[in-house]
Structure formats: C-alpha cells, structure tokens
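K.L.:
First, the structure itself, so that you have it in front of you.
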C-alpha cells in the first residue's frame, strides 16, 4: 500500500471533494490521505486512526474508488463485521469509533485490480 498525505490548499481542485465530504457527513475535514491498494496483496492490518493531530474522537470519512475490497471493523476485543466497499462507496466512522473499534482491509487471494481510498480527516494541528 502506498500512502501520501496532502493538505488541501484553498482553491485546489480537490476542495470540491472535501466540500462534498463535509456536506454529506456534517463533519469538517481539513486533510485527505490517499491509499493505493495495487492488488489483493496490499492490505492494512487491524488499527485505529487515533493520531493526536486529528483531535479527540475524530470523525473519518472514506471514499473507495476502483476495485471492490473487504473492509472489516470490530469492537476492541470483539468479533469483526465485514463490509464490501465498492467503487464510489462512502464509509463514515463517527466520533468515538476510533477509541472503541479497530478496522482493517485484509489481504485477499482473489484477483482484484487497483483500489484507491481517499480518507478525509480533521486536522487540529496538535500532536507529535
């Protein structure tokens, strides 16, 4: 998986997507992170998005582009629930989710093509 982080400057073309994410979810996002999953081998294991720069209990919105992939979420210490994120899917993890749940995009042996995930996040400037 390749990961790049971009701050979105005023007037930048991706500000359109940021506005849509803000309007649809009702949350204010200030950065977008792009993840490229080139095949079923690319994955990300169980984790929570709890970076200090996002503030306390942030909301996170995720748009999937390209190939359909399994997304799993589970309460910490609990059993996972599977979702299939198709092209154009919007997944919103509401405030509090990052402190009570873990999520992942697991590896798959199925033949899948490239998937791009755009993850919209707040950025408070705090942290490391």
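Throughout, read-outs are computed from the coordinates displayed, never taken from laboratory work. The structure presented is a predicted model; accordingly, all values stated were derived computationally and were not measured. FYI the Cβ positions are ideal-geometry reconstructions off the backbone, even for glycines, and counts take in every protein chain you see.
K.L.:
In nm, what is the difference between 0.36 nm times the number of residues separating residue 50 and residue 31 and their Cα-Cα distance?
P.N.:
Length difference between fully extended and current span is 5.4 nm.
K.L.:
What nm distance separates the two modelled labels at residue 72 and residue 109, each placed 7 Å from Cα along Cα→Cβ?
P.N.:
Each label point lies 7 Å from its Cα, and together they span 1.5 nm.
K.L.:
Using alpha carbons only, what's the Rg to Rh ratio of segment 34-98 with Rh from Kirkwood?
P.N.:
0.96
K.L.:
Ranked highest first by the average count of other Cβ atoms within 10 Å around their residues, in what order do 66-75, 107-116 fall? Mind showing how you got there, number by number?
P.N.:
On the way: 66-75: 16.8, 107-116: 13.6.
Top of the packing list down: 66-75, 107-116.
K.L.:
What full-extension length gain, to one decimal in nm, is calculated for residue 87 and residue 39 as 0.36 nm per residue of separation minus the Cα-Cα distance?
P.N.:
Values: separation 48, 0.36 × 48 = 17.28 nm, distance 1.49 nm.
Between residue 87 and residue 39, full extension yields 15.8 nm more.
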